[in-house]
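Worksheet: one structure, shown below.
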Amino acid sequence: MSGAMIKSGFQGTRRLFFFRLRLERRSVIIWALSISIFVAAYIPVINDLLFTSATPDVIIDLMKNPAMIAIVGPLFGEDYTFGASYANYMLVFSMLAPAIMSLILVSSNLRRDEELGRDEILKAKPVGRLANASSIMLVNLTANLLIFVLSFIFMSFAGAKLLDLTGILSFTLSLFLSGVFFGSATLLFSQLFRSHRAVMGAGFTLLFGSYILRALGDLYFEPLSYLSPLGLLTRAQAFVENNFTPHLILFLASLVLVMVSLILEGRRDLAASVLPEKKIEKSGSSYGLSNVFVLSLRLSLSTFLGWLSALIILAAMYGSVIGDMQTYLESSEMLRAIFNPQGGDFTRQFLYMLAGVMSIFTAIPALILFLRLWTEEKRGYTELVLAQSVSRSSYLASYLGISLISSLLLQLVSALSLVLVAGNVLVKLMDPSEYIIAMLNYLPAIWFLVGLAVLLLGVLPRLSSFVYIYLVFSFIVIYLGRMTDMPGFIGNLTPFNYIPQHRISGSDYLPLVIILVLTLFMTILGFVGYRKRDQRAD
């Protein structure tokens, strides 16, 4: 390919870059601020929680537990300084956020736009074949650069007396390259697969696989960790060795992915994919297309199975540390003050809090599965379904039923996974059935969020995503409420705060009943609004 052809291929990149950056400016700023505030806000929390109250020896013993290594990575350095502990606790999970942002950003601006026909409008203008893909990558680069800059600034202020600048640079550079790499991988998947759904599925599979590969490498065979982007970046050993070689390697790998993707972009047709599509040859009518519930179930099945696998693994990891957790909790004065249980049973209280955290994770797929209905409506697919003999109410009820049933199954399977892995250790602490019941007790709170989503979808559909913000708020209340002396009235704004943190009996059922009644009320209003909104559209 000559230099002139390459130059013409990138024609219009600068204009497309500013155009897409303007479209994504709000989401980019929200992501950047959220991630940078998150990594900075945990600096004083971890310092107070680990080094002010607990003894370093207990922390080191806990972090050497195989389950903790699988969750957050191995310890680095002989001296367990605050910087080393902060990176050990925070780096792996912090890198997931820019990776998820980049997956969504790249896929929605490339493959989804092609699905909706928007890309045809752009390419009808005097722009090169590679301009669109290259502008998207520049937007992703800018977004991750903003995360890097803001995180560095916020961490420098929050950890002025606790963290060194070189370690902060290594930590924030890992966040930057995590986003860049997974954005580059998503660009490649956008060439290989035709649908936005397939690209997102491949991207999240890569991210989840990278996490599992890192865990296996950290536990059994270290070279496997170097094959995982997340494992490779932990080998930079932020705040310990501050080795920047892993950053360079991942940057070069990202560059290779982008170059390969641009070559494929220049060769494939618009709305086509490199990999051949799977052809389905069927005669007659498929039952899955003739029944609205089964159709909705088939569209939701892959999402449900993916979250089911993730929650089983997460619950199993938590279950494997229960044995060490009791010693850890009892060694910390702060944690004793946080849980302050009757009779001094700290581990039991931790398990109830853990049930609340796991329930927050269950609420995510429950909301995703229901709000798929709004996604289908925005893309115009709902009209195709309602053109058949399907009512608006039955269509809404199909997605609502899938969401409620899936939340029940996810709660039950997650509880069983923790119970089976914890084994005899859990039996010594509490009746395993008590933990399973505790998980099921949170179902009304999860269904409350789904009921709120139904109400918003029926009355104010453009604000449906607000329920995710409310979910994040609930997570902060459950996870950090006791640790940060949060005012009581703030905690009372989430239904998760009303779930009893002990064996329920008698009047303890009253909050659950009230939550269910409110959920039913919001659901009914949502159904009425959804039907009226349809009548207005007609």
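Summary of values
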{"quantity": "Near pairs, Cβ below 8 angstrom, 6+ apart or cross-chain, from segment 278-303 (assigned by TED's automatic domain parsing to the domain that holds THR205) to any residue that is at pLDDT below 50 and of a type in the set (Phe, Trp, Tyr)", "calculated": "none"}
{"quantity": "Which listed residue is in contact (Cβ under 8 Å) with a residue 60 or more places away in the chain, in contact with a helix residue (DSSP H, G or I) (Cβ under 9 Å, 6 or more places away or on another chain) and not in a helix (DSSP H, G or I), from VAL413, VAL390", "calculated": "VAL390"}
{"quantity": "Residue identified as charged (D, E, K, R) and farther than 19 Å from SER102 by Cβ among ARG197, ARG235, ARG214", "calculated": "ARG235"}
{"quantity": "Residues of segment 226-257 that turn out to be crowded, with 23+ Cβ neighbours inside 10 Å and either β-branched (Val, Ile, Thr) or in contact with a strand residue (DSSP E or B) (Cβ under 6 Å, 6 or more places away or on another chain) (or both), as a count", "calculated": "1"}
{"quantity": "Selected residue (only one of LEU275, LEU233, LEU213 is touching a helix residue (DSSP H, G or I) at 6+ places or on another chain (Cβ under 6 Å) and modelled with pLDDT under 80)", "calculated": "LEU275"}
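Each row is one residue, and each column tells you yes or no for (1) at pLDDT below 75; (2) surrounded by fewer than 18 Cβ atoms within 10 Å (Cβ to Cβ); (3) of a type in the set (Lys, Arg).
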position: SER465; (1), (2), (3): no, yes, no
position: GLY488; (1), (2), (3): yes, yes, no
position: THR494; (1), (2), (3): no, no, no
position: ASN497; (1), (2), (3): no, no, no
position: ALA537; (1), (2), (3): yes, yes, no
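Results for (1) of a type outside the set (Phe, Trp, Tyr); (2) farther than 21 Å from TYR86 by Cα; (3) outside the structural domain of SER36 (by TED's automatic domain parsing), shown as yes or no for each residue.
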{"position": "LEU173", "(1), (2), (3)": "yes, no, no"}
{"position": "PHE181", "(1), (2), (3)": "no, yes, no"}
{"position": "LEU187", "(1), (2), (3)": "yes, yes, no"}
{"position": "GLN191", "(1), (2), (3)": "yes, yes, no"}
{"position": "LEU206", "(1), (2), (3)": "yes, yes, no"}
{"position": "PHE221", "(1), (2), (3)": "no, yes, no"}
{"position": "SER225", "(1), (2), (3)": "yes, no, no"}
{"position": "GLY231", "(1), (2), (3)": "yes, no, no"}
{"position": "ALA236", "(1), (2), (3)": "yes, no, no"}
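The values are calculated or read from the model by the stated rules, or taken from the named source; none is laboratory data. Note that the structure is a prediction, hence the values are computed from the model and not measured. Neighbour counts run over all protein chains shown; Cβ positions are idealised from the backbone, glycine included.
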